[in-house]
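Below: one structure, written as structure tokens.
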Amino acid sequence: MVKASLLEGVTYNESKPKIDVLFETEQTKEIRIALNKNQRMKEHKTPFPIVVEVVTGKIDFGVNNEKHQMGAGDLISLEGSVPHDVHAIEPTIIRLSLSKSDSVERIRSM
């Protein structure tokens, strides 16, 4: 058993989103992304499917140049190779589920 909290110990970076690996399973990596208001993750894509959950806050989630406003409790899943971006409308915590084969360093470099 592995246990983690999406809300405990949250810190924010001044200039870019804060990326924390909460834990890894045999199939996934569970990531917490903390974004301050107006922070962005530029358009990117992953070779593997992802699931994004907004835990707190509000974001514009861009998919193929179309914006989707998401708030606390909203989920979205994307297949691999789908261009997407994130803009925090207010301070936001996101849970990102990555394939075990994907790289956390790829996320941190955004």
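What the table below lists for this structure:
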| item | result |
| --- | --- |
| Residue match in the stretch 53-62 (condition: over 20 Å from LYS16 (Cβ atoms) and part of a loop (DSSP other than H, G, I, E, B)) | no |
| Single residue of the stretch 81-105 satisfying the filter (closer than 10 Å to ILE19 by Cβ and not in a strand (DSSP E or B)) that is farthest from the chain's Cα centre (by Cα) | GLU105 |
| Within the stretch 22-50, tally of residues that are surrounded by 15 or more Cβ atoms within 10 Å (Cβ to Cβ) and outside any loop (DSSP other than H, G, I, E, B) | 12 |
| Extreme residue, modelled with the highest pLDDT, among residues of the stretch 58-94 that are more than 21 Å from LYS29 (Cβ to Cβ), exposed (fewer than 14 other Cβ atoms within 10 Å of the Cβ) and acidic (Asp, Glu) | GLU90 |
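The values are calculated or read from the model by the stated rules, or taken from the named source; none is laboratory data. What you are looking at is a predicted structure, and each value in this text was computed from that prediction instead of being measured. Note that we place each Cβ from the backbone using ideal geometry, even for glycine, and neighbour counts take in every protein chain shown.
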